[in-house]
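The values are calculated or read from the model by the stated rules, or taken from the named source; none is laboratory data. On a predicted model such as this, the values are computed, not experimentally measured, just so you know. We place every Cβ from the backbone using ideal geometry, glycine too, and count neighbours over all the protein chains shown. The accessibility values were calculated without ligands, DNA or RNA, using every heavy atom of the protein model including side chains. Shrake-Rupley method; radii C 1.70, N 1.55, O 1.52, S 1.80 Å.
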Amino acid sequence: MMDGHDSISDGALVKAAQQGDRDAAACLYHRHVDRVHRICYRIVLDGSQVTDCVQEVWLKVFRNLGRFQCEKSFAAWLNRVAANTAIDCYRRWRKQGRHVGIDEVPAEALPAEESRDAQSLDDALLQKRIHEALEEITVNQRTAFVLRYYEDMSPTQIAQVLGCREGTVRTHVRRGLLALRAKLTGQPVTRGSEK
Amino acid sequence: MKHARFSLEEFKALFPDPFGSQEEMLKEYEAFRAILEQVDQLPVPELSVRERAEIFRRSWPEPAQRRARVWTWLAFLRRPAVTFAAGLVLGCALMFIGMRPQTETPEPIAPEQAFTVQHAGHVKTYEGKILQALYPQIENPRVTVEKKQEASKPRRVLQGTLDKGQVYVLWNL
């Protein structure tokens with residue numbers, strides 16, 4: 001169905017989808033859905049909620065596709081929608097007291113029963129610690145961190161996503177890094193990286 | 001994730017305060033790089049094929065859903081309060097149009113069609129649409145301007161008919 005669309009630019013696919021072309025929309029979706037899922041997962045940190053979050057992102061995207069200007073970057077717009085939706089979802093679920101606890105690390109993050117030797121147990125514990133560390137930092141810090149180091153976005157782009165200044169983005173990233181380090185290594189930070 | 005973006009320059013920009021020594025700074029930089037690499041180890045579970053298909057199916061508005069949306073709008077417009085408000089607005093608009101002062105202007109007549117002049121000695125006869133507009137009750141109106149001599153006072157006479165040519169009109173202007 002989508003083989004013919006593989007070489008087509010995002011802009012052309014968006015234009016076709018705006019005209020109601022389902023195949024073009026499907027191609028656009030399959031091209032970007034994994035990235036959207038990664039962003040949502042790393043911000044929401046809850047495997048049971050992430051599917052709903054991804055669906056909410058795509059609902060917003062398709063509902064507002066008619067207003068999207070094709071000369072702009074679709075990927076950048078999508079990142080923005082994904083990050084903001086994930087932040088909203090996370091806050092909503094936190095409010096409902098449904099955030100992932102320490103003992104609720106998703107099953108897929110843990111190794112299979114038969115391969116649980118000492119090494120894989122260590123890995124599982126490490127993943128659990130990373131999960132906890134990411135959960136400890138604020139959602140804005142996590143979003144800035146994820147978009148900066150996983151999605152290669154510049155501080156300017158992240159500032160647009162979060163609706164704040166570039167300096168604030170740097171502060172979020174710095175504090176996020178410091179908190180992750182403190183949580184993961186238990187090491188006190190030295191003078192230069194203290195503030 | 002390759003942390004090409006977490007360069008030493010970026011580290012220095014994030015932590016601009018001075019370190020004890022260059023070695024200490026590099027040690028700190030490496031420590032943060034190690035943290036990023038550690039965070040990479042958190043796997044992101046992939047969406048299954050079924051989940052992907054389901055998300056798209058629920059997100060993409062099918063024609064039936066679009067039609068349903070139109071019906072939703074129609075249902076909204078058919079609510080009594082909305083209908084009343086729309087009627088009020090429409091009524092006001094119609095009243096505004098109706099109450100506007102009428103400023104009808106007669107259709108302009110092209111200069112070449114306005115009138116013709118015929119010369120016969122000292123008599124000039126004017127005919128045309130402009131005279132019909134000036135004397136709409138008279139059929140085929142024409143005005144003759146006659147001078148006995150060049151210097152004498154002109155005599156202007158309006159000529160025409162009434163009742164489909166049954167009455168001949170002659171009127172000194």
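Before moving on, here are some points about what is shown:
- Filter pass, A:ILE130 being at pLDDT 90 or above and either more than 18 Å from B:GLU10 (Cβ to Cβ) or surrounded by 19 or more Cβ atoms within 10 Å (Cβ to Cβ) (or both): no
- Qualifying residue in the stretch B:36-47 (condition: open to solvent by 70 Å² or more (accessible area, probe 1.4 Å), part of a helix (DSSP H, G or I) and modelled with pLDDT under 90): yes
- For the stretch B:13-20, the criterion of being in contact with a Lys or Arg (Cβ under 9 Å, 6 or more places away or on another chain), at pLDDT below 90, charged (D, E, K, R) and farther than 30 Å from A:CYS40 by Cβ is met by at least one residue.
- Subset of the stretch A:166-187 that is facing chain B (nearest Cβ under 7 Å) and over 19 Å from the mean Cα position of the chain (by Cα) - its residue that is modelled with the lowest pLDDT: A:LEU184
- Those residues of the stretch B:135-150 which are of a type in the set (A, V, I, L, M, F, W, C) and either loosely packed, with under 14 Cβ neighbours inside 10 Å or within 48 Å of the chain's Cα centre (by Cα) (or both), in sequence order: B:ILE138
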